[in-house]
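Engineer: The structure follows.
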Amino acid sequence: MDGEVTGTMLTARIRKERRSAGAASFLLDVSIEVPPGITILFGASGAGKSTLLDCVAGLTRPDQGRITAGSDVLFDSVRALHVLAPKRRIAYVFQTLALFPHLTAEENVAYGLRDLPEEGRRERVGEILNAFRVQSVRKQKPGEISGGERQRIALARSLVTEPRVLLLDEPLTGLDAALKAAIVDDLRAWNAAKGIPILYVTHSRDEVDALGERVIALDHGRVVSAGAPMEVLDAPRRKKLAQAAGFENLLNATVLDLRESDGVMRVRLGESACEIEVPLGYAAVGTRVEVAVRAGDILLATERPRGLSARNIIEGRILSLEQRGTMVIARVDFGVTFVVHVTPGAVRALELAPDRRVWLVLKTHSCHLVD
Amino acid sequence: MEALWLSLKLAACVAAILLAIGMPVAYWLAYSSWRGKFLLESVVALPLVLPPTVLGFYALVAMGPRGPLGKFWIALFGHGLAFTFGGLILASVLYSFPFAVQPLVASFEGVDRRLLDASAVLGAGTLRTFWRIILPLSLPGVVTAAVLSFAHTLGEFGVVLMVGGNLAGVTRTVSIDIYDHVQSLEYGAANRMALVLLVISFVVLSVVYAVNRRVWTPWTAK
């Protein structure tokens with residue numbers, strides 16, 4: 001085993017088909033590169049994030065592909081090479097943390113250190129418990145300590161083994177923001193010295209902003225974009241990501257004019273006469289763009305509203321109302337059909353019904369441009 | 001009392017052997033993803049539905065001097081297996097097999113898979129994961145398996161009668177002894193032995209239920 005970990009790069013090219021009885025088969029087909037530092041793996045649940053981590057850790061065998069950490073090949077389907085999980089030196093903090101319930105915090109942390117002599121082991125465990133500020137609970141079992149302490153113990157248990165890659169599967173879910181920030185700071189401080197690639201799975205925007213140096217966005221088993229957080233996530237640049245992030249309305253539009261000083265442009269929706277104002281994008285007059293709008297970002301009014309800051313007010317007609325749980329899905333025709341989410345209370349108060357005339361109110365910045 | 005001592009000795013031997021054999025079998029049943037697994041599951045459960053006489057009959061045939069097992073045994077030790085204490089142990093192991101394996105499978109399956117994954121990424125191989133994680137977390141299942149196979153062996157009758165016959169000090173267990181006493185109209189003696197068996201069975205089952213009452217499910221964060 002080499003002690004040299006600084007500068008290691010993790011690369012993974014993975015193809016893995018998952019068949020489960022009754023459900024549609026799922027295909028993970030990705031190629032990623034993870035340099036030292038924190039890389040966020042972002043995507044909705046079911047996007048394949050955990051399967052990807054399981055493949056990298058060696059818990060799941062990919063159908064095809066190649067996984068390397070630095071100069072070591074961990075998996076290569078061509079050479080039928082599959083290094084088993086215990087031999088990979090890849091640490092993995094699971095979403096459920098998977099602390100051993102029958103062992104104390106200290107025993108949990110020492111679990112991966114059995115090759116060390118007793119004395120060295122105790123020293124290393126003591127050091128990392130101090131670094132993660134959980135020295136005081138070392139004799140307690142996971143069931144007896146707080147959620148934040150459990151998360152710190154799980155991190156310590158993984159990091160104490162001096163891994164060459166660290167995989168984190170939503171390790172901080174359920175913690176309040178301050179505690180989260182504190183743990184992230186500890187993690188950053190630890191990695192400043194080690195410089196290993198950390199692949200951090202989350203679907204929380206807060207965590208992306210707090211942690212992210214790089215983001216890889218995953219959807220339906222594919223990488224849909226990768227880069228700095230602002231580029232990947234702020235405006236949905238790809239159709240796939242827009243859908244994954246929950247945009248119910250995806251509309252074709254033609255750019256009519258650009259108002260650069262205002263940072264907006266006017267577009268015409270589809271073949272209709274309906275014109276709206278959207279944020280300025282990289283587009284020329286006459287080109288076609290796609291506009292994504294969340295159904296929950298749209299307001300409906302039964303009279304023409306006045307004195308609003310919203311720039312887009314369009315007249316239309318309700319096509320249908322459909323109650324889904326505590327939410328009503330309205331389809332409204334404005335020349336193009338919009339899906340709008342309203343509450344049952346709003347439907348009663350406004351006496352919304354099919355064929356009713358309504359006005360749609362839409363803020364410019366609720367319209368997102370899609371590549 | 002000789003019969004009681006014999007029964008207890010038999011039950012203890014059978015329980016020990018069953019734990020040793022049952023654990024690898026249960027491990028395989030709990031974690032294998034082989035499609036034909038149901039076949040082995042059915043074989044393991046067979047003694048639950050077969051009349052003891054059927055099981056005893058086949059065991060006797062196999063152990064007899066012309067059966068495959070009997071021939072093997074004679075070649076090895078110079079005497080047959082039927083109507084001996086060894087034969088009794090073998091037949092009882094078969095008969096009580098599901099009582100050991102099924103609680104083990106259930107408790108192995110109850111261990112959170114992610115704990116096994118965690119153990120693996122921390123560098124532990126299959127054997128270390130079994131000893132350090134699976135076994136301690138399955139302790140109630142192991143106790144249940146041991147106690148149930150002990151108790152079940154203690155109470156068996158048909159198989160013992162078929163394979164062991166009724167040789168005092170060799171194969172005459174408590175249940176056979178009671179049957180003997182009743183046949184000879186010695187109700188007093190039968191009653192004493194029956195009562196002893198009843199009390200032991202009750203104590204043993206109480207232990208099983210008390211152990212399972214303990215809340216020791218694997219803890220997971222949620």
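Computed from the coordinates by the stated procedures, all read-outs in this text should not be read as laboratory data. These numbers were taken from a predicted model, which means no experiment stands behind them. Backbone-built Cβ (ideal geometry, glycine too); neighbour counts: all protein chains shown.
Engineer: What FRET efficiency do you get for A:ASP333 and B:SER206 if R0 is 60 Å and r is their Cβ-Cβ distance, rounded to the nearest 0.05? Each step should come with its number before you reach the end.
Structural biologist: Values: r = 73 Å, r/R0 = 1.21.
Using R0 = 60 Å, I get an efficiency of 0.25.
Engineer: Let me ask something else about it. Holding the Cα-Cα limit at 29 Å, pick out from A:LYS141/A:LYS180; A:LYS49/A:LYS180; A:LYS49/A:LYS139; A:LYS49/A:LYS87; A:LYS16/A:LYS141; A:LYS49/A:LYS363 the pairs that are longer than that. Please report the intermediate quantities before stating the final value.
Structural biologist: Numbers: A:LYS141/A:LYS180 22 Å; A:LYS49/A:LYS180 21 Å; A:LYS49/A:LYS139 34 Å; A:LYS49/A:LYS87 22 Å; A:LYS16/A:LYS141 37 Å; A:LYS49/A:LYS363 33 Å.
Too far apart for the 29 Å limit: A:LYS49/A:LYS139; A:LYS16/A:LYS141; A:LYS49/A:LYS363.
Engineer: Identify which of A:SER31, A:SER146, A:SER50 has the largest mean-square fluctuation in a Gaussian network model of chain A, with springs joining Cα atoms closer than 10 Å.
Structural biologist: Its mean-square fluctuation being the largest, the pick is A:SER146.
Engineer: Hey, another quick one. Any idea what diffusion coefficient chain A gets from Stokes-Einstein, in µm²/s, Kirkwood Rh on alpha carbon pairs, 4 °C, 1.567 mPa s? Show your work: numbers first, answer last.
Structural biologist: Values: Rh = 23.6 Å.
Estimated diffusion coefficient is 55 µm²/s.
Engineer: So how strong a dipole does the protein assembly as shown carry about its Cα centre when Lys and Arg Cβ are +1 and Asp and Glu Cβ are -1, to the nearest 20 debye? Display every interim value, and only then the final one.
Structural biologist: Working: 63 positive and 56 negative charges, 120 e Å.
Here the size comes out at about 580 debye.
Engineer: Which distance in nm do the two modelled labels at A:VAL78 and B:VAL49 give, with both placed 7 Å along the Cα-to-Cβ direction?
Structural biologist: 5.3
Engineer: Tabulate in residue order the Karplus-calculated ³J(HN,Hα) for the range A:76-90, using 6.51 cos²θ - 1.76 cosθ + 1.60 with θ = phi - 60°, rounded to whole Hz; enter x for Gly and Pro.
Structural biologist: Ordered by residue, 3J(HN,Hα) equals 8, 5, 5, 8, 6, 9, 9, 6, 5, 3, x, 9, 8, 6, 10 Hz.
Engineer: Further question on the same structure: Among A:GLN64, A:GLN323, A:GLN95, which one moves the most in a GNM of chain A with springs linking Cα atoms closer than 10 Å?
Structural biologist: A:GLN323
Engineer: Here's another thing I want to ask about it. With θ taken as phi - 60° and the coefficients 6.51, -1.76 and 1.60, list the Karplus ³J(HN,Hα) couplings across the range A:146-158 in order, rounded to whole Hz; mark glycine and proline as x.
Structural biologist: 6, x, x, 5, 4, 5, 5, 5, 5, 4, 4, 4, 6
Engineer: Here is a follow-up. If a/c stays under 1.5 just call it rounded; otherwise compare a/b with b/c (prolate if a/b is bigger, oblate if not). Do that for the range A:248-370, with a ≥ b ≥ c from the square roots of the Cα gyration tensor eigenvalues.
Structural biologist: Numbers: a/c = 2.12, a/b = 1.89, b/c = 1.12.
Because a/c hits 1.5 or more and a/b exceeds b/c, the range A:248-370 counts as prolate.
Engineer: Taking chain B as a Gaussian network, where each spring joins two C-alpha atoms under 10 Å apart, which residue of B:ALA59, B:ALA45, B:ALA124 fluctuates the most?
Structural biologist: Maximum among the listed residues: B:ALA124.
Engineer: Give me the percent of Cα-Cα pairs in the range B:2-213 that sit more than 31 Å apart, rounded to a whole number.
Structural biologist: On the way: 6368 of 22366 pairs.
The share of Cα pairs beyond 31 Å in the range B:2-213 comes to 28 percent.
Engineer: A:ARG288 versus A:LYS139, label points 7 Å from Cα toward the beta carbon: distance in nm?
Structural biologist: According to this spin-label approximation, the distance is 7.3 nm.
Engineer: Please compute the modelled spin-label separation between B:ILE21 and B:VAL182, points set 7 Å along Cα→Cβ, answer in nm with one decimal.
Structural biologist: Inter-label distance under the simple model: 2.9 nm.
Engineer: Only helices at least 24 Å long along their own axis, judged from Cα atoms, and with Kyte-Doolittle mean hydropathy of -1.0 or greater: name those in chain B from DSSP H. Walk me through the numbers on the way to the answer.
Structural biologist: Numbers: long enough: B:2-31 (43 Å, 1.61); B:85-109 (34 Å, 1.37); B:187-213 (38 Å, 1.50).
Answer set is B:2-31, B:85-109, B:187-213.
Engineer: If r is the Cβ-Cβ distance from A:ALA228 to B:TRP131 and R0 is 45 Å, what FRET efficiency results, to the nearest 0.05? Provide the component values of the computation, followed by the final result.
Structural biologist: On the way: r = 47 Å, r/R0 = 1.04.
Result of the calculation: an efficiency of 0.45.
Engineer: Pull up all non-local amide H partners of A:VAL223: gap of 5 or more, or a different chain, and H-to-H distance under 5 Å with H placed in the peptide plane.
Structural biologist: Counting only residues 5 or more places away or on other chains, the set is A:SER31.
Engineer: While we're here: Using 0.36 nm per residue of separation minus the Cα-Cα distance, give me the extension gain between A:ASN130 and A:GLU315 in nm, one decimal. Don't skip to the answer; put the middle values down first.
Structural biologist: Values: separation 185, 0.36 × 185 = 66.60 nm, distance 6.34 nm.
Additional length available on full extension: 60.3 nm.
Engineer: Using R₀ = 51 Å, calculate the FRET efficiency as 1/(1 + (r/R₀)^6) where r is the Cβ-Cβ separation of A:ALA182 and A:SER25; round to 0.05.
Structural biologist: On the way: r = 42 Å, r/R0 = 0.82.
Between A:ALA182 and A:SER25 the formula returns 0.75.
Engineer: Per-residue ellipticity at 222 nm for the protein assembly as shown, helices alone: DSSP H runs ≥ 4 residues times -39500 (n - 2.57), over residue total, nearest 500 deg cm²/dmol?
Structural biologist: Values: 19 runs with 243 residues, N = 593.
Computed ellipticity for the protein assembly as shown at 222 nm equals -13000 deg cm²/dmol.
Engineer: Could you derive backbone 3J(HN,Hα) for the range A:107-122 from the dihedral phi with the Karplus parameters 6.51, -1.76 and 1.60 (θ = phi - 60°), listing whole Hz in sequence and x where the residue is Gly or Pro?
Structural biologist: Going residue by residue, I get 5, 4, 5, 7, 4, x, 10, 5, 6, 7, x, 2, 5, x, 5, 4 Hz, with x marking Gly and Pro.
Engineer: Evaluate peptide A:90-99: per residue, the Cβ atoms of other protein chains within 10 Å of its Cβ; return the mean as an integer. Walk me through the intermediate numbers first.
Structural biologist: Details: counts 1, 2, 6, 2, 8, 4, 8, 5, 14, 7.
That works out to 6 on average.
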